[in-house]
Amino acid sequence: MSTGHAGPGRLSSAAPSPFPPIEEYAFLSDCHTGALVAPDGSVDWLCVPRFDAPSVFGSLLDREAGTFRLGPDNIDHPTSRHYLAGTNALETTWRTKSGWLLVRDALVIGPAPPDDDVNPHTRPPVDNDALHMLVRTAECIEGAVAVQLICEPAFDYGRTPAGWELVGADRHTADATGAGLTLRLATDLTMGIEGGRARARHLLRAGERVYCALSWAADLATPADAAQAQAAIDTTCQYWRLWLAQARIPDHRWRDPLQRSALAIKGLTYVPTGATVAAPTTSLPETPGGSRNWDYRYTWMRDSTFTLRALHWLDLDWEAEEFMQFIADVEPAEDGGLQIMYGIDGRRELTETALPDLSGYAGAQPVRVGNAAYSQRQNDVYGAVLDSILLHTRRSQRLPRRLWPLVQSQAEAATAVWQQPDQGIWEARGAPRHYVSSKLMCWVALDRAGRLATLRGDTQRAAAWHDTAEQIRADILAHGVTDDGVLRQHYDTDALDASTLLAVLFHFLPPDDKRVIATVNAIAADLTDNGFVLRYRTDQTDDGQTGAEGTFLICSFWLVSALAKTGDLQRARDLMERLLRIKSPLGLYAEEFDAETGRHLGNFPQAFSHLALIGAAEAIILAERMGEL
């Protein structure tokens with residue numbers, strides 16, 4: 001008999017559970033918020049009016065925390081699910097005993113007024129914006145199918161059940177209210193109210209279509225009928241396709257995963273400020289049933305350089321400019337440096353609390369809201385910001401005046417702290433250490449600051465910053481390399497850490513340097529599980545947590561990039577192909593991958609994983625094109 005455990009004391013990620021596998025969720029977005037749709041058609045996660053607001057549907061973290069389903073009655077497993085080509089809109093096909101049903105879902109986008117009363121913009125107005133509405137249609141394409149609608153919000157992370165009130169006498173509109181928020185549900189089905197939920201059922205025959213729409217717009221606007229609902233989805237699809245048409249996607253065998261990654265990253269963008277959330281979810285576990293559960297609905301500064309690299313490589317300069325302006329807007333910490341992370345509205349304080357009333361995904365507790373890491377010292381942040389500014393400046397061929405003070409403050413902060421220990425790139429909650437990757441990124445900070453100063457004609461600062469960069473490089477090579485010539489995790493250990501692959505990605509040493517080669521080979525050989533890369537060995541690292549974790553997808557993609565840049569192109573291709581084969585059924589990636597069970601772990605979808613995929617593809621495609629030349 002199966003116990004649900006994968007080894008001593010470890011719960012299997014494939015153990016029987018009422019929660020769908022993480023990778024089987026679909027992600028919808030209107031670039032203000034995101035929804036996760038389970039295979040059975042239930043919206044199990046939606047926060048309104050924006051990504052970091054409290055959930056109104058939270059069954060992702062507790063099966064009683066709210067859900068919203070439109071689908072066939074008594075059938076939970078669809079025949080097929082896919083995104084409508086080139087979009088973030090979902091189409092699901094169902095086969096029942098009596099017929100076939102086609103359901104389409106979208107967080108709709110369309111022509112919008114210049115001022116958004118729901119989520120005010122700090123960036124310039126856009127032609128098309130979120131309409132603050134989830135629209136769903138169901139069409140019987142053959143036979144007859146009984147369709148059921150169930151809408152059961154549970155406001156404020158499941159703590160406040162909905163109070164319902166029918167609007168009008170026809171039972172086609174109802175308002176759900178709780179925790180200071182009102183949602184309007186409109187449908188051409190005839191609804192009834194049952195406690196905290198609205199429900200409807202109807203037999204559809206071939207050629208018939210019904211709709212439902214959930215609105216949190218300022219005026220609670222909804223489509224008047226199924227034709228308007230379908231038109232809203234069509235307009236949304238047109239928006240996504242026109243946006244994707246602007247991207248420079250190489251004509252390559254990896255074109256499809258690159259397009260899906262681009263759409264995922266755009267979907268994780270908060271258009272009002274230009275910020276990008278790391279993921280739209282909180283507390284999806286990195287360890288099955290464990291406590292490595294974090295809130296990722298914020299913007300990490302370290303993501304900035306990878307975001308800018310990906311956006312510029314894809315020719316998405318508008319999004320790159322918007323993100324750079326968000327970075328320029330945020331308030332620095334007391335020492336003049338930027339925090340490691342901010343709210344998507346730029347706020348600094350992200351106080352972490354637990355929600356003990358929620359069971360957690362498959363029993364993983366605690367469920368956290370907020371992220372205490374915002375107050376940590378992580379010395380890599382300065383290099384990420386300054387590298388992104390240099391990338392952006394090279395692309396635009398100018399350094400905007402408002403960015404120069406940011407260059408100065410980050411260079412000065414890196415100069416002041418590079419000799420101090422910190423929590424490292426992985427936000428360890430153990431004792432501060434002299435992490436090699438943190439010092440490496442301080443080197444990046446001073447190296448890039450020196451180049452920017454040269455570009456600006458400030459030769460005095462350029463010389464001083466380059467001199468400090470060389471001091472940091474010498475310190476790393478003196479204390480951060482093992483006797484075997486491998487970059488170590490921190491100065492007091494010989495343990496491996498995948499973050500040292502950044503030495504290759506940021507050109508800390510030439511790609512043919514023997515220490516670079518030794519580090520890449522050591523990580524590939526000794527820091528992998530079934531060929532996929534761990535960020536570190538948890539039994540060799542004081543990260544303040546217990547339990548093992550899955551392989552980190554960004555680290556595996558970093559290894560692909562490192563292999564390609566060091567000339568080991570076929571090994572890079574081999575690993576890239578393996579990584580592409582483990583994508584979710586809809587082409588998405590979480591933060592981690594359980595090599596033992598094939599399940600995804602951690603928050604989903606994860607921007608960093610998709611950014612690293614684009615970077616890995618870029619490294620291989622560039623090497624292939626250079627080989628052709």
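The values are calculated or read from the model by the stated rules, or taken from the named source; none is laboratory data. Quick caveat, the model's predicted, so the values are computed rather than measured. Don't worry about glycine lacking a Cβ; one is built from the backbone with ideal geometry, like all the others, and counts go over all protein chains shown. The accessibility values were calculated without ligands, DNA or RNA, using every heavy atom of the protein model including side chains. Shrake-Rupley method; radii C 1.70, N 1.55, O 1.52, S 1.80 Å.
I'd like to check something: does segment 276-291 contain any residue that is closer than 30 Å to P114 by Cα, part of a helix (DSSP H, G or I) and among the small types (G, A, S)? No.
Screening V37, V43, V56 for residues that are farther than 27 Å from Q238 by Cα, of a type in the set (A, V, I, L, M) and buried (at least 24 other Cβ atoms within 10 Å of the Cβ) leaves exactly one candidate, V56. When R535 is tested against (1) of a type in the set (D, E, K, R); (2) surrounded by fewer than 19 Cβ atoms within 10 Å (Cβ to Cβ); (3) touching a Cys at 6+ places or on another chain (Cβ under 8 Å), just one condition goes unmet, and that condition is (2). Summed over segment 144-188, the residues that are under 25 Å from Q230 (Cβ atoms), within 29 Å of the chain's Cα centre (by Cα) and open to solvent by less than 10 Å² (accessible area, probe 1.4 Å) give a count of 4.
Across segment 10-59, what is the number of residues that are free of Cβ contacts under 8 Å to residues at least 24 places away in the same chain and either more than 30 Å from D117 (Cβ to Cβ) or among the basic types (K, R) (or both)? Give the steps one after another, and end with the answer.
Going residue by residue through segment 10-59, those that are free of Cβ contacts under 8 Å to residues at least 24 places away in the same chain are 16, 38, 53, 59.
Okay, now just the ones that are also either more than 30 Å from D117 (Cβ to Cβ) or among the basic types (K, R) (or both), so 16, 38.
Summing the residues that are free of Cβ contacts under 8 Å to residues at least 24 places away in the same chain and either more than 30 Å from D117 (Cβ to Cβ) or among the basic types (K, R) (or both) in segment 10-59 gives 2.
Of the residues in segment 354-368, how many are hydrophobic (A, V, I, L, M, F, W, C) and in contact with a Leu (Cβ under 6 Å, 6 or more places away or on another chain)?
Count: 2.
Flag not set for A217, criterion: open to solvent by 50 Å² or more (accessible area, probe 1.4 Å) and in contact (Cβ under 8 Å) with a residue 60 or more places away in the chain.
Of these, V516, V444, which one is open to solvent by less than 20 Å² (accessible area, probe 1.4 Å), assigned to a helix (DSSP H, G or I) and in contact with a Phe, Trp or Tyr (Cβ under 6 Å, 6 or more places away or on another chain)? After ruling out the rest, the residue left standing is V444. Taken over segment 336-354, the criterion of being part of a loop (DSSP other than H, G, I, E, B), open to solvent by less than 60 Å² (accessible area, probe 1.4 Å) and under 24 Å from L284 (Cβ atoms) is satisfied by Q339, I340, G343, I344, L350, E352.
V147 passes every criterion in (1) at pLDDT below 95; (2) touching a His at 6+ places or on another chain (Cβ under 7 Å) apart from (1).
Taking segment 591-629, which residues are among the charged types (D, E, K, R) and surrounded by fewer than 20 Cβ atoms within 10 Å (Cβ to Cβ)? Reasoning before the result, please.
Start the filter on segment 591-629 by keeping residues that are among the charged types (D, E, K, R), which leaves 591-592, 594, 596, 599, 618, 624-625, 628.
Answer for segment 591-629, where residues must be among the charged types (D, E, K, R) and surrounded by fewer than 20 Cβ atoms within 10 Å (Cβ to Cβ): E596, E618, E624, R625, E628.
Per the conditions (1) under 31 Å from the mean Cα position of the chain (by Cα); (2) on the phi < 0 side of the Ramachandran plot; (3) open to solvent by less than 80 Å² (accessible area, probe 1.4 Å), the sole criterion not satisfied by D475 is (1).
Count of segment 492-513 residues, restricted to those that are touching a Lys or Arg at 6+ places or on another chain (Cβ under 6 Å), closer than 17 Å to L534 by Cα and not in a loop (DSSP other than H, G, I, E, B), is 1.
If you go through segment 249-272 and keep only what is farther than 20 Å from L588 by Cα and open to solvent by less than 10 Å² (accessible area, probe 1.4 Å), you end up with just P272.
Scanning segment 209-221 for residues that are of a type outside the set (A, V, I, L, M, F, W, C) and within 20 Å of G71 (Cβ to Cβ) yields R209, Y211.
Right, W254: in contact with a helix residue (DSSP H, G or I) (Cβ under 6 Å, 6 or more places away or on another chain), modelled with pLDDT of 95 or more and hydrophobic (A, V, I, L, M, F, W, C) or not? Spell out the reasoning first.
Working: in contact with a helix residue (DSSP H, G or I) (Cβ under 6 Å, 6 or more places away or on another chain): yes; modelled with pLDDT of 95 or more: yes; hydrophobic (A, V, I, L, M, F, W, C): yes.
Against the criterion (in contact with a helix residue (DSSP H, G or I) (Cβ under 6 Å, 6 or more places away or on another chain), modelled with pLDDT of 95 or more and hydrophobic (A, V, I, L, M, F, W, C)), W254 qualifies.
Within segment 360-417, restricting attention to residues that are among the aromatic types (F, W, Y) and under 30 Å from P21 (Cα atoms), which residue is surrounded by the fewest Cβ atoms within 10 Å (Cβ to Cβ)? Break it down into steps so the answer makes sense when it comes.
Our first condition is that a residue be among the aromatic types (F, W, Y); within segment 360-417, this holds for 361, 374, 382, 404.
This time we only want the ones that are under 30 Å from P21 (Cα atoms), so: 361, 374.
Values: Y361: 26, Y374: 21.
Restricting to residues being among the aromatic types (F, W, Y) and under 30 Å from P21 (Cα atoms), the top hit is Y374.
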